[in-house]
1. If you look at just the Cα atoms of segment 48-271, how large are its Rg and its Dmax in Å?
2. How many angstrom lie between the Cα centre of segment 236-312 and the Cα centre of segment 164-204?
3. List the residues whose amide H sits under 5 Å from the amide H of T156, counting only those 5 or more places along or on another chain, with H placed 1.01 Å from N in the peptide plane.
4. Along segment 280-290, what does the Karplus equation 6.51 cos²θ - 1.76 cosθ + 1.60 (θ = phi - 60°) give for ³J(HN,Hα), rounded to whole Hz, x for Gly and Pro?
5. Whole number please: convex hull volume per residue, Cα atoms of segment 146-290, in Å³.
6. Using Cα pairs closer than 8 Å and at least 6 residues apart in sequence, work out the relative contact order for segment 48-271, in percent.
7. Apply the Karplus parameterisation 6.51 cos²θ - 1.76 cosθ + 1.60, with θ equal to phi minus 60°, to every residue of segment 190-204 and state each ³J(HN,Hα) to the nearest whole Hz, in sequence, with x for glycine and proline.
8. For segment 254-314, restrict the atom set to alpha-carbon positions and state the Rg and Dmax in Å.
Amino acid sequence: MTPQPGADVAAAEAHVAAQRDASVSGSPRFDAVRYDLTLSENPFPPLPSVRAAIEGCLARANRYPEFLPRLLPQVIAEHLGVEADHIVVGAGATGVAMQIMQTLPARGSRFIFATPTFDGYPILANQVGLHTVQVPLDGSGRQNLWSILRAVDERTGLIAVCRPHNPTGTVVPASELKGFLYSAPSHIPIILDEAYVEFLGAADTLDPVELVRRHPNVIVLRTFSKAYGLAGLHIGYGFGSPELLARVRRLQLPFGMPEAAIAAVRASYAAEAELGERILRITTQREVLRTALRRTGIRVPRSSGNFLYLPGRDIAATLTHAGIAVKRYADGSARIAVGDPEADRAVLNALAAPVDPISGEDSHILSLTLRSGPSAVRSRHR
Ligand SMILES: Cc1ncc(COP(=O)(O)O)c(C=O)c1O
């Protein structure tokens, strides 16, 4: 049966809101939220230079931005060293992903991705009327690309692979990804979701230009919400072959990208060194916290994102009790954003006493997590 577009979205939001009301702010048994680590946001506010650039646009806020975005794709394309027709921009990676889902796969076809993953994928798929095929992560929290390939059939209209993966932070090896891309049918569009690519080590980072040249069915999805710390402006882009993106651009929202987005991206590219320092601080904090948490017995997978996945039956509840809002999974595990030393200390303090870690091999880690539930915080569905 073809899904009814939008059918479950309101229900999902209501469920998420109820969860939060019940577990965090609405109950006298719990502290108020002291730290909100639900959405893998960047803990740093915009750099002064970026903020000044954004503020510089506000005086012209009575004017519409460009009808269709021309400047922003140009700025991004120049930065990547390609032509602007290789770039499509949107309201975050979410907006671009939605445009891809609306324009490339046939309505009612199948969208394959790993689970758990970025909550946006099942939600958007439902909104646009795609069937989802959700392939469980392996026991170590990695996407199983061969299982994804095995799920491909003539009904498949779209595939997404995250690198690094949300919520575990794991990274499919470059060689594996390349083998996968060669093996997948070349007529099926593939989203390579690199929302967290800036947190990846240089050795793991792939050349997107080369990748798209070899595989014109791939669209690399990126965002300024994470490493660039601009989630509040919600700017994302897809990088791909001009032919494929011309189809995606057919649903470009007129007047959809504010002028402040262009200014913020320009200023961010001009401040790469400062942003790099922040990334280093976040990843250093991440490693310190992961090491400390593993000492308490929590089998935290190695993460290449700005978040950690904490498997364990009572983890999310324990953190919630301590006033720390987290992304919660059905088995009680949690994903937390990292990088704020104070919040990281609070997490460690809350979990310092061993908290019923899921025992046994790492292969056990995710067995209960596969039925991932919505986040514990209202409308916070990433
Ligand atoms: C893997 C992944 N893709 C895409 C997104 C969407 O990012 P944006 O804020 O640009 O919409 C997120 C956000 O959490 C994410 O985790």
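Bear in mind these aren't lab numbers, they're just calculated from the coordinates by the rules spelled out. Just so it is clear, the structure is predicted and the values come from calculations on it, not from any experiment. Cβ sites come from the backbone with ideal geometry, for glycine too, and all protein chains shown count toward neighbours.
1. In Å, with Rg to one decimal and Dmax whole: 17.2, 54.
2. 14
3. Placed amide hydrogens put R110 under 5 Å from T156.
4. The phi angles translate into 5, 5, 5, 6, 5, 4, 4, 5, 4, 5, 4 Hz.
5. On the way: hull volume 20.3 nm³, N = 145.
For segment 146-290, the hull spanned by Cα atoms encloses 140 Å³ per residue.
6. Numbers: 392 pairs, mean separation 71.4, N = 224.
Relative CO of segment 48-271 lands at 32 percent.
7. 10, 8, 9, 7, 10, 4, 10, 4, 5, 8, 6, x, 4, 5, 8
8. Expressed in Å, the Cα Rg and Dmax of segment 254-314 come to 17.5, 52.
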